[in-house]
Structure formats: C-alpha cells, structure tokens
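Only one structure is covered here, and it is reproduced in the block below.
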Amino acid sequence: MDHFNYKDNELYAEDIKVTDLAKQYGTPLYVYSKATLVRHLRAFEEALAAKDHLVCYAVKANSSLALLSVIAQSGCGFDVVSKGELMRVIKAGGSPEKVIYSGVGKREDEIEFALSQKIKCLNIESESEMYKVEQVAERMGLVAPVALRVNPNVDAKTHPSISTGLKKNKFGIAFEDASRLYRYIAQSKHLNASGIDCHIGSQMTSGAPIIEATDKLISLYKELLEIGIKIDHIDIGGGLGVTYNDETPPSPYEYLAAVIARLKDFDVAIYCEPGRAMVANAGILLTDVLYLKSNTERNFCIVDAAMGDLIRPALYNSWMNIIPALKRDKSDALEGSDANGNRLYDVVGPICESDDFLGKDRHLNVREGDILAVRGAGAYGSTMSSNYNSRPLCAEVLVDGSKAFVIRERQKEEDMWRDERMLENSTSHDFS
Ligand SMILES: *Cc1c(COP(=O)(O)O)cnc(C)c1O
C-alpha cells in the first residue's frame, strides 16, 4: 500500500499531481510520500510491540537527510555501514544510542568514530575485526558493545547478488566459529557481548528463511546461556521483500509474528534492520519521454532518467513498474498499437551503455513529452546513483499531503568537478 494513485487518469503523489511536480522541479526527479514512509515505520513498530525491540532502519536503502529525520522522529533506530552513514544519522537528529553498525570492512578510524559516539552495538563480521575493535576500545579506555554477525548458511531464496547468508558469501562469521569467539569476548576487558546478529539477504518474499535463521540464532543463544554468556538482543537483520511486480511478500506483521512466537519465552530484545521494505514503495522516479524511435525489431522509449539515477535494472536485471503520469485513452493510440492502445517499448536512458535501461518489453501508450513514473524507486535508487557520463544527480522532493518540499537540490554541473584539480599551468574556463 502506498500513496501514489490515479485520480481521473492522472497519477498523484498524495494530493499532488506528479506532472505538476515534474513541471515545477524538472526531471529526472525522485518523489517520496511521507505518509507511505510513516505507514511502513508504524507497521514495523506495531509488529514488534509485544516484545522489547529496536527497529533499525538500514540507512543504505535511502540515506536522504529528510527521510532519516522523519524516521528518527518516529523513534526508530538505524543500521549503518560506514562512518558517512553514521554522520548522516547524527546530522538528521538520530540518536547514536539507537545505532548499530554493520559491514565486513570497517576501517579503524570508522570504529573509533562509532565508539566515540557511543553507538548501541557494533556488528562484527570477522575474527580479525573483533581483535581490531578490542584494540581500539582499549586505546580509548572503554568497553565496546558488540554482536557477532553470524552466517547461518540459510538460503534466502532471492537473487544471487542480494543473497548474503550462505557460506559462499563474504558476510558474517561462520556459525561453527561463533561460540569460540563469544568465549573470547566474554573474557575481554574491552568487549561486551551485547547481541547475536544475522542478515541473510534482501528482497525475501517468504518468511521461511528468516524463521530458519532465527532457530539457528536461538540455538546459539541457548548454547551461550549454558556457558554463562547472557546477551541482551537477537538481531534478525533486514531483507523483507516488496512488491515490484507480482511478488507477494508477507506483511511486516506476518513476517515478524513467527519470530516473536519463537522468542517470546526468552529474556531478550528483538532487533531488525529493514531497509527496502521501509522505503521502496515510498518513492517513485519521474522521467520525461525525450524521443520515441523504432526499427524493424523494436520500439525505444528514450527517457531522461538513466542507470546513473536508478541502476537496479542494469545491475540486477530488476523489474520495476513503469507507469504513465497521464493514462491516455486507447482511442488515442499511435500507429501499430495493440487493442489497448499500447506499443511494446524498451524504456532506455541517455547513457552510452547498452545496459542503460529502466525496463524492457513494456506496454505503453506514450508520446514525446509525456512523464513516466518508475514505481518502487525509494530503496536503492538515489543512494546508488552516480555521475557517470557527467550527469548531475537528480533533485528529490518529499510530498506531505498537498505540500512538496525539495529535500535535495538538483546537482549543478560545476559541483560535479568541485573537488577536482587540474595541473598548475592549465587554462580553465568558468561558466557564468
Ligand atoms: C542491506 C542491509 C540491510 C537491509 O536490507 P533490506 O533488504 O533493504 O531490508 C540490513 N542489514 C544489513 C547488514 C544490510 O547490509
């Protein structure tokens, strides 16, 4: 459920016509719905209400300061994977005491910064990292709260590129090694065993893998209890899927009910790290149809958004729904259209790469100058964008009812090379 709906054949973001947003702010343009985001936040909070818990929004899905501040105000915590993300959370008013820090390759300065900010927990992903955190904590004269991110070797049954809980994946600590490392942590003066963590993959459309993983974490939890190590939280990671096409993922409530049922008799808090499920359907990407062209084999719909703005189709071959801002009547159809007034198009961007596409084989009734919307673009859209082909990053707006707020200005060309330097005796030209 989201707040991007048609009224009289025109697509709206909450109470604003998206063609008006495109006109006012230009394209390509990310548009977010605050009501949708808040609805998703509440769903997770309510799903876990029966138990001590912390919902840690996975910042990498969308790290916009405006969205982070809405999330922080709701009382949610955050899962970060870099110093930059932690700084963003703090900048957006988030409390470090509700931040957990994941990732296989934390640098020493990042660990030091995280400890200096007194974050809730560092999720450790290797034995070497454990010693590094201990060293840094000792130097700083404090005790670092840690969890081991274990790799439960559970198949998330998702796309191979976003599966993270198998032995062949770089993530986490082998399950067999976990109790040995917890024993080490228990005797360390500078480490405190705060939790057990896992994150097995993304875009999971069934609850079964997470239950399998939870059972493994519970067996470890009990094993640790027996040797006198009492951790305070079990973190089941993120990974709940969303509907891009015809997927039918469980609701947060259904997804978490089974986890809660298994943990209800244990004196332990539940943490989770949702990213995609929180923001994907809270955002769309608007793009202008620049040109239509056809050859004997295909029709191309060339738009002004590219893989630099939204890389999921090019990177993972992800299917994303592309819909017109204005639904044209089938009587108003171009030559060669089907009975519904549609032609079959590849929707492609301006970047000089054959893989620069947003969608293939799409039935659309469009004209040059029409606006298209890519749905489900709120997660792993803007955060994965790049300047490839020297294209400035998109503007982004957040809609709240009938009001729209620019939450990121469209990048200026000059800002793309602001940090670059030429050799001393080069000549340079400024634009006015
Ligand atoms: C990416 C990531 C998440 C979020 O995954 P989603 O599929 O977006 O919910 C959670 N935890 C960790 C450690 C991650 O790397």
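The values are calculated or read from the model by the stated rules, or taken from the named source; none is laboratory data. None of the values given here were measured: they were computed from a predicted structure. As a convention, Cβ positions derive from the backbone with ideal geometry for all residues, glycine included, and neighbour counts pool all protein chains shown. Only protein heavy atoms, including side chains, enter the accessible area calculation; ligands, DNA and RNA are left aside. Shrake-Rupley method; radii C 1.70, N 1.55, O 1.52, S 1.80 Å.
Computed quantities for the displayed model
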| read-out | value |
| --- | --- |
| In the range 194-204, residue nearest to the ligand (Cβ to nearest atom) [restricted to those that are farther than 22 Å from Val242 by Cβ and touching a Lys or Arg at 6+ places or on another chain (Cβ under 8 Å)] | Asp197 |
| Residues that are in a helix (DSSP H, G or I) and loosely packed, with under 15 Cβ neighbours inside 10 Å, drawn from the range 243-254 | Tyr253, Glu254 |
| Residue that is nearest to Gly241 (Cα to Cα) [pool: residues in the range 129-184 that are of a type in the set (Gly, Ala, Ser), more than 16 Å from the ligand (Cβ to nearest atom) and surrounded by 23 or more Cβ atoms within 10 Å (Cβ to Cβ)] | Ala144 |
| Selection count, the range 73-82, where residues are open to solvent by 20 Å² or more (accessible area, probe 1.4 Å) and not β-branched (Val, Ile, Thr) | 4 |
| First in the range 263-279 and more than 30 Å from Gly381 (Cα to Cα), second anywhere and hydrophobic (A, V, I, L, M, F, W, C) and within 16 Å of the ligand (Cβ to nearest atom), Cβ under 7 Å, 6 or more apart | Leu263/Ile234; Leu263/Ile270; Val268/Ile234; Ala269/Leu54 |
| Test: residue in the range 109-129 that is closer than 18 Å to Ala174 by Cβ, among the acidic types (Asp, Glu) and under 23 Å from the mean Cα position of the chain (by Cα) | yes |
| Count of the range 308-323 residues which are open to solvent by less than 30 Å² (accessible area, probe 1.4 Å) and not hydroxyl-bearing (Ser, Thr, Tyr) | 9 |
| Test set (1) among the β-branched types (Val, Ile, Thr); (2) under 23 Å from the mean Cα position of the chain (by Cα); (3) more than 24 Å from His3 (Cα to Cα); (4) more than 16 Å from the ligand (Cβ to nearest atom) - Thr248 fails condition number | (3) |
| The range 110-122, residues that are more than 14 Å from the ligand (Cβ to nearest atom) and either at pLDDT below 95 or outside any loop (DSSP other than H, G, I, E, B) (or both) | Glu110, Ile111, Glu112, Phe113, Ala114, Leu115, Ser116 |
| Residue count for the range 381-417, restricted to those that are part of a loop (DSSP other than H, G, I, E, B) and open to solvent by 60 Å² or more (accessible area, probe 1.4 Å) | 8 |
| Residues being outside any loop (DSSP other than H, G, I, E, B) and not aromatic (Phe, Trp, Tyr) - total across the range 200-238 | 23 |
| Within the range 276-292, tally of residues that are surrounded by fewer than 24 Cβ atoms within 10 Å (Cβ to Cβ) and either more than 25 Å from the chain's Cα centre (by Cα) or within 13 Å of the ligand (Cβ to nearest atom) (or both) | 4 |
| Hits in the range 56-91 - residues which are more than 14 Å from Met384 (Cβ to Cβ), within 15 Å of the ligand (Cβ to nearest atom) and touching a strand residue (DSSP E or B) at 6+ places or on another chain (Cβ under 7 Å) | Cys56, Tyr57, Leu67, Ile71, Cys76, Gly77, Phe78, Asp79, Val80, Leu86, Val89 |
| Selection within the range 352-376 - part of a loop (DSSP other than H, G, I, E, B), more than 14 Å from Leu315 (Cα to Cα) and of a type outside the set (D, E, K, R) | Cys352, Asn365, Val366, Gly369, Gly376 |
| Every residue from the range 224-242 that is away from the ligand (no atom under 13 Å from the Cβ) and either open to solvent by 70 Å² or more (accessible area, probe 1.4 Å) or free of Cβ contacts under 8 Å to residues at least 60 places away in the same chain (or both) | Leu224, Leu225, Glu226, Ile227, Gly228, Ile229, Lys230, Asp232, Ile234 |
| Residue in the range 265-276 that is at pLDDT below 95 and over 18 Å from Leu364 (Cα atoms) present | yes |
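For every residue, the table says whether it meets (1) out of contact with any Cys (no Cβ under 8 Å at 6 or more places or on another chain); (2) modelled with pLDDT of 95 or more; (3) at positive phi.
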site: Glu127; (1), (2), (3): yes, yes, no
site: Val146; (1), (2), (3): no, yes, no
site: Asn151; (1), (2), (3): no, no, no
site: Asp155; (1), (2), (3): yes, no, no
